[in-house]
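The values are calculated or read from the model by the stated rules, or taken from the named source; none is laboratory data. What you are looking at is a predicted structure, and each value in this text was computed from that prediction instead of being measured. Cβ sites come from the backbone with ideal geometry, for glycine too, and all protein chains shown count toward neighbours. All accessible areas refer to the heavy atoms of the entire protein, side chains included, with ligands and DNA or RNA removed. Shrake-Rupley method; radii C 1.70, N 1.55, O 1.52, S 1.80 Å.
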Amino acid sequence: MKIIHAKLLPYDLKLKKPFRTAHGTTHFRPITLIALSSDDEQWGYGELEAFAQPTYTPETQETARLVICRYLLPLLEGQELNCPEDVSKLFTVVQGNQMAKAALETAVWDLFAKHAQKNLSRLLSEHSQLGCRQSILVGISIGAQSNTSKMISEIAAAVEKGYQRIKLKITSTTELEAFSRIRPLFPKIQFMLDANSSFTLKNTAQLKKLEKIKLAMIEQPLDATDFTAHAELQKQLHVPICLDENIFSLDDVRTAYQLGSAQAINLKLSRVGGLTNALQIIHFCNNHGLLVWCGGMLEGGIGRATNLALASLESLPFPGDISASDRYYQKDIIEEQFSLKNGRLTIPTDNGIGVTLKKNIQKRLLKQPDILKDTP
């Protein structure tokens, strides 16, 4: 297979309500849709998940698009691809820029799945030699709330919809203490907390209070570059630490394991450079006793479908942050709806990622300049 056409469409998704984390408050979610065509004119789709500002990762939508157009697509153009894993090998000469790489790599996986007339879930299963499921339990991520009553209302609404696991964003010790009062109100629900690096080791005493509360894990309590501080904190906590922002590669997972920095990994395929690297991380975690699960990036429909395919692998039993279609956006970019049923989402069965861009979005995307043909 050779890639002969490439088109990019920046697009803003409007959230139904603001989503607040320690990194800031999101009202509009910028994404970039990627369309790659092979030499038989089949199209594969990917989604660039970087944010507008470099607050969550160093990449932004703007910088990632530049890297895609100037450095990555020239590496891909004209290359004979025998399998989707070839893309990651081609891209190794470019350091970092994992989200830019993932946007193209996932589009190539979509192409290979369509060529094989298989859905992406099945193709990932075959390449990883891991079983896959037709539906998966999913969790929900609720943005930070300064008002306890609002937080209780959001949790109650999520429980009513059937979500099996609830993650709460927290940004301060005040919110940490508020959760300790909320927890007894929902005794049967599995909870985890996501701090997005809101704390330091000086907060160890407050964090140790979590041991009195039934909690699945606390995610990213400390700085996003500090493995040793997390290791020191994990030694003092019975509650498992989950690393998120620290993890950009398999080497990062190895570092976390060797140091004892965490007992769980939030795997975001866009942050680790795509599906090939994600599969390697899954195998490492399975072989070394680390819980690994799929996190969310406030994806649009293309990104959500790709993430669902990865989360369908049987070795990822913990409910991921992959909400139903009606959770975040006023209007999504795909025709299909991912609807929650008994706390589960069904994996698309059509070829490739299994979803269809809305006609108006598809027309806009295909009208974009062909990066491989129209660039001087």
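Would you call HIS230 under 15 Å from THR204 (Cα atoms) and either of a type in the set (Phe, Trp, Tyr) or modelled with pLDDT of 95 or more (or both)?
Answer is yes for this residue.
For region 227-252, how many residues are of a type in the set (A, V, I, L, M) and in a helix (DSSP H, G or I)?
4
Contact list please: Cβ distance under 6 Å, first residue in region 38-59 and at pLDDT below 95, second residue open to solvent by 50 Å² or more (accessible area, probe 1.4 Å) and not hydroxyl-bearing (Ser, Thr, Tyr), pairs at least six apart or on different chains.
ASP39/LYS2; THR55/HIS23; TYR56/HIS23
Regarding THR57, is this residue assigned to a loop (DSSP other than H, G, I, E, B), among the β-branched types (Val, Ile, Thr) and either touching a Phe, Trp or Tyr at 6+ places or on another chain (Cβ under 8 Å) or under 17 Å from ASP332 (Cβ atoms) (or both)?
yes
Hey, among TYR71, TYR45, TYR56, which residue is of a type in the set (Ser, Thr, Tyr) and over 22 Å from the mean Cα position of the chain (by Cα)?
Testing whether each residue is of a type in the set (Ser, Thr, Tyr) and over 22 Å from the mean Cα position of the chain (by Cα) leaves just TYR71.
Could you check LEU15 against (1) touching a Lys or Arg at 6+ places or on another chain (Cβ under 7 Å); (2) open to solvent by 60 Å² or more (accessible area, probe 1.4 Å) and say which number it fails?
Among (1) touching a Lys or Arg at 6+ places or on another chain (Cβ under 7 Å); (2) open to solvent by 60 Å² or more (accessible area, probe 1.4 Å), LEU15 violates only (2).
Among (1) assigned to a helix (DSSP H, G or I); (2) of a type in the set (S, T, N, Q); (3) under 27 Å from ILE142 (Cβ atoms), which single condition is ASN360 missing?
The one condition ASN360 does not meet is (3).
How many residues does region 74-87 hold that are within 20 Å of the chain's Cα centre (by Cα) and among the acidic types (Asp, Glu)?
1
Across region 281-293, what is the number of residues that are crowded, with 18+ Cβ neighbours inside 10 Å and either farther than 14 Å from ALA311 by Cα or modelled with pLDDT under 95 (or both)?
Within region 281-293, residues that are crowded, with 18+ Cβ neighbours inside 10 Å and either farther than 14 Å from ALA311 by Cα or modelled with pLDDT under 95 (or both) number 2.
Given the condition of a type in the set (A, V, I, L, M, F, W, C) and in contact with a Phe, Trp or Tyr (Cβ under 6 Å, 6 or more places away or on another chain), answer yes or no: does some residue in region 135-145 qualify?
Checked region 135-145: at least one residue is of a type in the set (A, V, I, L, M, F, W, C) and in contact with a Phe, Trp or Tyr (Cβ under 6 Å, 6 or more places away or on another chain).
Please pick out the residue among LEU207, LEU176, LEU193 that is within 17 Å of HIS230 (Cα to Cα), open to solvent by less than 20 Å² (accessible area, probe 1.4 Å), free of Cβ contacts under 8 Å to residues at least 40 places away in the same chain and part of a helix (DSSP H, G or I).
LEU207
Among the residues of region 95-154, write down those that are free of Cβ contacts under 8 Å to residues at least 40 places away in the same chain, within 19 Å of the chain's Cα centre (by Cα) and in a loop (DSSP other than H, G, I, E, B).
ASN97 - this is the single residue of region 95-154 that is free of Cβ contacts under 8 Å to residues at least 40 places away in the same chain, within 19 Å of the chain's Cα centre (by Cα) and in a loop (DSSP other than H, G, I, E, B).
Just name the residue that is surrounded by the fewest Cβ atoms within 10 Å (Cβ to Cβ) out of those in region 210-226 that are charged (D, E, K, R) and not in a loop (DSSP other than H, G, I, E, B).
LYS212
Please indicate, with yes or no, whether at least one residue in region 68-86 is assigned to a loop (DSSP other than H, G, I, E, B) and crowded, with 19+ Cβ neighbours inside 10 Å.
Scanning region 68-86, I find at least one residue that is assigned to a loop (DSSP other than H, G, I, E, B) and crowded, with 19+ Cβ neighbours inside 10 Å, so the answer is yes.
Does region 303-319 hold any residues that are touching a Pro at 6+ places or on another chain (Cβ under 9 Å) and among the basic types (Lys, Arg), and which are they?
Hits for region 303-319: nothing passes.
Restricting attention to region 330-346, and to residues there that are among the aliphatic types (A, V, I, L, M) and touching a residue at least 60 places away in the same chain (Cβ under 8 Å), which single residue is most open to solvent (accessible area, probe 1.4 Å)?
LEU340
What's the total number of residues in region 302-326 that are touching a helix residue (DSSP H, G or I) at 6+ places or on another chain (Cβ under 9 Å) and closer than 18 Å to TYR11 by Cβ?
Summing the residues that are touching a helix residue (DSSP H, G or I) at 6+ places or on another chain (Cβ under 9 Å) and closer than 18 Å to TYR11 by Cβ in region 302-326 gives 5.
Could you grab me the full set of residues in region 157-173 that are over 18 Å from LYS214 (Cβ atoms) and open to solvent by less than 50 Å² (accessible area, probe 1.4 Å)?
Within region 157-173, ALA157, GLY162, LYS169, THR171, SER172, THR173 meet the criteria.
Please tell me if LEU366 is over 24 Å from CYS242 (Cβ atoms), surrounded by fewer than 23 Cβ atoms within 10 Å (Cβ to Cβ) and either polar (S, T, N, Q) or touching a residue at least 12 places away in the same chain (Cβ under 8 Å) (or both).
When the stated conditions are applied, LEU366 passes them.
Provide a single number: the residues in region 294-322 that are out of contact with any strand residue (DSSP E or B) (no Cβ under 8 Å at 6 or more places or on another chain) and surrounded by 24 or more Cβ atoms within 10 Å (Cβ to Cβ).
1
Only one of these conditions is not met by CYS69: (1) in contact with a Leu (Cβ under 9 Å, 6 or more places away or on another chain); (2) in contact (Cβ under 8 Å) with a residue 60 or more places away in the chain; (3) over 17 Å from LEU372 (Cα atoms). Which number is it?
Of everything listed in (1) in contact with a Leu (Cβ under 9 Å, 6 or more places away or on another chain); (2) in contact (Cβ under 8 Å) with a residue 60 or more places away in the chain; (3) over 17 Å from LEU372 (Cα atoms), CYS69 misses just condition (3).
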